[in-house]
1. Looking at the range 72-80, can you tell me whether even one residue there is closer than 27 Å to M1 by Cβ and at pLDDT below 90?
2. M1 passes all but one of (1) within 16 Å of the chain's Cα centre (by Cα); (2) surrounded by 11 or more Cβ atoms within 10 Å (Cβ to Cβ); (3) not in a strand (DSSP E or B); which number fails?
3. Scan the range 14-24 for residues that are crowded, with 18+ Cβ neighbours inside 10 Å and over 9 Å from the mean Cα position of the chain (by Cα) and jot them down.
4. When you look at G108, is it modelled with pLDDT of 80 or more and not in a helix (DSSP H, G or I), yes or no?
5. Please give the number of the condition A6 fails out of (1) in contact with a helix residue (DSSP H, G or I) (Cβ under 8 Å, 6 or more places away or on another chain); (2) assigned to a helix (DSSP H, G or I); (3) surrounded by 12 or more Cβ atoms within 10 Å (Cβ to Cβ).
6. Please tell me if V32 is over 19 Å from S131 (Cβ atoms), in contact (Cβ under 8 Å) with a residue 12 or more places away in the chain and touching a helix residue (DSSP H, G or I) at 6+ places or on another chain (Cβ under 6 Å).
7. List the number of the failed condition for S66; all other conditions in (1) of a type in the set (G, A, S); (2) surrounded by fewer than 17 Cβ atoms within 10 Å (Cβ to Cβ); (3) modelled with pLDDT of 70 or more hold.
8. What is the residue count in the range 27-86 for residues that are within 14 Å of the chain's Cα centre (by Cα), of a type in the set (S, T, N, Q) and part of a helix (DSSP H, G or I)?
Amino acid sequence: MARILAIDYGMKRTGIAVTDTLQIIASGLTTVNTSELISFLKAYTKEEEVELFVIGEPKQMDNTASESEALILPFIVKLEKQFPQIPIKRVDERFTSKMAFQTMIDSGLKKQQRKNKALVDEISATLILQSYLYSK
């Protein structure tokens, strides 16, 4: 089986998580500068088989799209052009940043370590992917 790759898209940084090849466990992979995201994905998909991209869908509490959705949609168009063979699913990402921060606290990370926004993005991507796996 191929991996599923999740993307927590951000204006500056993007968190990335992947499943194992059996698609059972979601693990944080890395955080990349958003400007380098497509290049990173090209390199990654040359090394690893990816069957699906899961992208966080930011929503307001009333279920409408958040402002950051306007940044994500053009990225999805680029992603579809670069990887037409890999389908894309969207997953509601409400509260993932707060849950990621709480995960860092629960795992005993010190205050200085919790300020690492790249780690928050990576954990958020993992939570998005885990949410998708639960829904399958």
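The values are calculated or read from the model by the stated rules, or taken from the named source; none is laboratory data. This is a predicted model, so every value here is computed, not measured. Glycine also receives a Cβ, built like all others from the backbone with ideal geometry; neighbour counts cover every protein chain displayed.
1. The answer is no, given that none of the residues of the range 72-80 is closer than 27 Å to M1 by Cβ and at pLDDT below 90.
2. So the condition that M1 fails would be (1).
3. T19, Q23
4. Answer is no for this residue.
5. (2)
6. So V32 passes the test.
7. Tallying (1) of a type in the set (G, A, S); (2) surrounded by fewer than 17 Cβ atoms within 10 Å (Cβ to Cβ); (3) modelled with pLDDT of 70 or more, S66 fails exactly one: (3).
8. 1
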